[in-house]
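Below: one structure, written as structure tokens.
The values are calculated or read from the model by the stated rules, or taken from the named source; none is laboratory data. Worth saying up front: this structure is predicted, and the values here are computed from it rather than measured. Neighbour counts run over all protein chains shown; Cβ positions are idealised from the backbone, glycine included. All accessible areas refer to the heavy atoms of the entire protein, side chains included, with ligands and DNA or RNA removed. Shrake-Rupley method; radii C 1.70, N 1.55, O 1.52, S 1.80 Å.
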Amino acid sequence: MKATAVAPANIAFIKYWGRRDAKLRLPYNPSISMNLSNCLTTTMVEFSKKFPVDTISEGFNSVRVITHLDRLRKIAKMDEKANVVTKNNFPTSAGIASSASGFAALTVAAAAALRLKLTEKELTELARLGSGSACRSIPDGFVKWEGEYAWSLYPPDYWDLRDIIVIVGNGKKDVSSSHGHERVETSPYFQKRLADVPNRIKRLETALQEKNFKVFGETLEEDCLDMHHVMQTQNPPLYYWNAETVEIMELIKQRTVPAYFTIDAGPNVHIICEGKDEQKITKLFKKNNIIVNKPVRGARII
Ligand code: PMV
């Protein structure tokens, strides 16, 4: 019983930071993201009586993966051990979140290997239990996650956007996002963020619907800064930026190119622009290591 799935990482325009239920990974606020065409995880899962234990490829958090396999085995009422082989097409050390693509690919591959007939909605609910943002890597293109599940707002070809990731990070993060989520209530600005998010979501959804790039960009940049404000005022404070991150933020903020930035729980800068302006951005970062992404489909069996 074997299956292989590929899943994209995703970049959130309205961020998920903080959980109202830590165990069930239920978010305090809805988030909206886009799947990334060039940040892909491919995962093969095989269940067999011949495996005495679960084996997971090196470099992945095997405790979290085994816990996730147990969830799927429980649904399938089956107890065979698994061999899991996972590969990212981007360097794991680059500081690009691989937990979203990783748990999305693992969920879809393991469910197929176990012959579970699950709907897309059910797959997003399961992936969420592995890593919150993973549920957004299952539906296609532009995705919204609210409460227990995620769904596609628009297909990948709806809007020709780019996420140009400028890699400035290397090595492991000091604090994982999992631990960061747990401390969100210690920021005095967190309640303010929660009060502001509903209007910001509305603004972003309208901009997405009207393809109003200026309002879209201003809103996603605002939400990135707001999330990092909360992170930096948590106890203990979380600083994910380094000097190069700030330099790139400054450069984009000058608006000499039609682009906006967003940053996750790491120092890399995601530059969001329209397809027609891709070269204007890539020219600025000729000396950097960059990954150019378009919107793409969600997780699928290959
Ligand atoms: O799913 P997690 O626990 O890796 O959380 C990811 C949170 C951010 O990347 C910082 C924001 C987001 O919505 O993707």
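Counting DSSP beta bridges in the chain, what percent are antiparallel, to the nearest 5?
Values: 48 of 50 bridges.
Rounded to the nearest five, the antiparallel share is 95 percent.
Axis angle, to the nearest 10 degrees, between helix 190-210 and the longest C-alpha principal axis of the chain: 80 degrees. Dipole orientation for the chain: of the candidates ASN89, ASN242, ASN10, ASN89 has the Cα lying most toward the positive pole (charges on Cβ; Lys, Arg +1; Asp, Glu -1).
Rounded to two decimal places and with Rh computed the Kirkwood way over Cα pairs, what is Rg over Rh for the stretch 159-299? The partial results should precede the final answer.
Details: Rg = 15.6 Å, Rh = 16.1 Å.
When Rh is taken as the Kirkwood radius, the ratio is 0.97.
Above 30 angstrom, tally the Cα pairs of the chain and express them as a % of all pairs, no decimals.
Values: 13082 of 45451 pairs.
I get 29 percent for the Cα pairs in the chain exceeding 30 Å.
Across q = 0.15, 0.16, 0.22, 0.27 Å⁻¹, the stretch 199-276 modelled as identical point scatterers on its alpha-carbon atoms has Debye log10 I(q)/I(0) values of -0.56, -0.63, -1.04, -1.28, in the order of the q list. The phi torsions of the stretch 147-155, fed into the Karplus equation with coefficients 6.51, -1.76 and 1.60 and a -60° offset, translate into couplings of x, 8, 9, 10, 8, 7, 8, 8, x Hz, rounded to whole numbers, with Gly and Pro shown as x.
Summary value for the chain: 26 percent relative contact order, contacts being C-alpha pairs under 8 angstrom separated by 6+ residues.
Compute the Rg/Rh shape ratio of the stretch 73-202: radius of gyration over Kirkwood radius, all on alpha-carbon atoms. Don't skip to the answer; put the middle values down first.
Working: Rg = 17.1 Å, Rh = 17.2 Å.
Here Rg/Rh amounts to 0.99.
When the alpha carbon gyration tensor of the stretch 152-229 is reduced to an equivalent ellipsoid, the three semi-axes, largest first, read 26, 20, 11 Å. Between the helical axis of 62-76 and the longest alpha-carbon principal axis of the chain there is an angle of about 60 degrees.
Hey, can you find the accessible area per residue of the chain for me, probe 1.4 Å, expressed in square angstrom? Can you show the working numbers first?
Details: 13560 Å² over 302 residues.
Accessible area per residue: 45 Å².
Length gained on full extension, GLN191 to GLN209, computed as 0.36 nm times the residue gap minus the Cα-Cα distance: 3.7 nm.
Across the stretch 288-302, coupling constants 3J(HN,Hα) worked out from phi with the 6.51/-1.76/1.60 Karplus curve, θ = phi - 60°, read 9, 7, 10, 10, 8, 10, 10, x, 9, 4, x, 4, 8, 6, 10 Hz, and Gly and Pro carry x. Given axes a ≥ b ≥ c from the Cα gyration tensor, I'd like to know whether the stretch 112-179 is rounded (a/c under 1.5), prolate (a/b larger than b/c) or oblate. Verdict is oblate for the stretch 112-179.
Amide H to amide H, with H built 1.01 Å from N, ALA97 comes under 5 Å of no residue 5 or more places away or on another chain. Spatial offset of the stretch 131-197 relative to the stretch 202-264 amounts to 12 Å, using the alpha carbon center of each.
Ignoring any ligand, DNA or RNA, what whole percent of the accessible area of the chain comes from carbon and sulfur when the probe is 1.4 angstrom? Walk me through the intermediate numbers first.
Numbers: 7000 of 13560 Å².
Using a 1.4 Å probe with all protein chains present, the chain comes out at 52 percent carbon and sulfur.
Between 0 and 90 degrees, the angle of helix 213-232 with respect to the longest Cα principal axis of the chain falls at about 70 degrees. When the alpha carbon gyration tensor of the stretch 1-98 is reduced to an equivalent ellipsoid, its three semi-axes come out at 27, 19, 12 angstrom, largest first.
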